Amino acid sequence: MTTAETKAPLIELRDIYKIYQMGDTEVRASDGVSLSVYEGEFVAIVGQSGSGKSTLMNIIGCLDVPTSGTYLLNGEDVSELTDDEQADIRNKTLGFIFQQYNLIPKLNVLENVELSLLYAGLPADEREARARAQLERVGLAGKEKNLPSQLSGGQQQRVSIARALAGDPSVILADEPTGALDSRTSREVLDFLQKLNDEGNTIVLITHDNSIAQEARRVVRVADGKIIFDGPAREAFPRGD
């Protein structure tokens with residue numbers, strides 16, 4: 001048993017179902033999923049379009065609730081929380097990195113990073129200090145006053161990473177974080193995610209791309225709403241598939 005596994009999971013899904021009704025058809029986007037993620041892990045959830053990986057991300061990220069089952073985050077039953085309490089968790093416990101960056105065009109870089117801290121109710125001086133520190137961390141010191149349109153795609157993604165880190169989250173959720181980037185810039189972003197994990201950050205990466213999933217230490221493969229593989233990346237891709 002590893003050191004991590006002697007502790008309680010940071011994320012624990014127990015028998016999670018997410019069922020949609022589309023006309024006469026029942027769609028099981030999550031079909032009895034159970035999954036534990038421990039502090040300090042770097043986990044890739046991989047699957048093709050329609051496999052159920054995005055549904056898992058939305059549930060883990062408190063963006064959606066399961067039809068049935070239990071989701072514990074830091075030991076707390078998320079399903080028991082109000083909408084406002086779940087929003088508070090998104091602001092204080094989870095950091096999001098999206099494929100399309102989700103930056104606000106009219107706000108400068110510093111303001112974009114500060115925004116989640118504003119929602120969390122932090123005072124202005126602390127918001128600015130945290131935002132500047134994270135922008136420096138991702139190599140964007142000196143770009144604070146730039147608008148997103150004045151940055152490259154890779155720089156915009158680094159702004160979104162700084163925004164995710166500013167709230168000191170327990171979990172970083174990265175949803176196809178390299179999907180809009182060229183191969184060189186994708187490599188830079190993946191190297192940075194690995195660096196964050198080496199520093200102790202817990203990362204859950206969502207992707208359809210096996211080559212991206214291989215960057216994680218652990219791979220969870222989903223298909224038809226079920227987990228069909230959960231283990232070390234080297235076992236998920238034994239021949240570099």
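Quick look at the values:
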{"item": "Any hit, region 83-92, residues being at pLDDT 90 or above and either assigned to a loop (DSSP other than H, G, I, E, B) or surrounded by 13 or more Cβ atoms within 10 Å (Cβ to Cβ) (or both)", "result": "no"}
{"item": "Number of positions in region 80-93 that are under 16 Å from Arg130 (Cα atoms) and in contact with a Cys (Cβ under 7 Å, 6 or more places away or on another chain)", "result": "0"}
{"item": "Total residues in region 100-126, condition part of a helix (DSSP H, G or I) and more than 21 Å from Gln155 (Cβ to Cβ)", "result": "5"}
{"item": "Matching entry among Val113, Val65, Val109, Val78 (being over 18 Å from Ser170 (Cα atoms), open to solvent by less than 40 Å² (accessible area, probe 1.4 Å) and either modelled with pLDDT under 95 or β-branched (Val, Ile, Thr) (or both))", "result": "Val109"}
{"item": "Filtered residue count, region 166-196, keeping only those that are of a type outside the set (Ser, Thr, Tyr) and open to solvent by 10 Å² or more (accessible area, probe 1.4 Å)", "result": "16"}
{"item": "Test: residue in region 123-130 that is open to solvent by 50 Å² or more (accessible area, probe 1.4 Å), within 22 Å of Lys195 (Cβ to Cβ) and either of a type outside the set (Gly, Ala, Ser) or touching a His at 6+ places or on another chain (Cβ under 6 Å) (or both)", "result": "yes"}
{"item": "Output for region 131-148, where each listed residue is open to solvent by 60 Å² or more (accessible area, probe 1.4 Å) and closer than 24 Å to Thr178 by Cβ", "result": "Glu136, Arg137, Ala141, Lys143, Leu147"}
{"item": "Residue in region 37-60 that is open to solvent by 30 Å² or more (accessible area, probe 1.4 Å), assigned to a strand (DSSP E or B), closer than 29 Å to Ser211 by Cα and at pLDDT 95 or above present", "result": "no"}
{"item": "Check on Asp15, touching a residue at least 24 places away in the same chain (Cβ under 8 Å) and open to solvent by 50 Å² or more (accessible area, probe 1.4 Å)", "result": "yes"}
{"item": "Residues of region 179-199 satisfying the condition of being within 15 Å of the chain's Cα centre (by Cα) and not in a helix (DSSP H, G or I)", "result": "Gly179"}
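The values are calculated or read from the model by the stated rules, or taken from the named source; none is laboratory data. All figures in this text were calculated on a predicted structure; none of them were measured in a lab. Every residue, glycine among them, receives a Cβ derived from its backbone with ideal geometry; neighbour counts consider all protein chains shown. Calculation scope for accessible area: heavy atoms of the full protein, side chains included, ligands and nucleic acids excluded. Shrake-Rupley method; radii C 1.70, N 1.55, O 1.52, S 1.80 Å.
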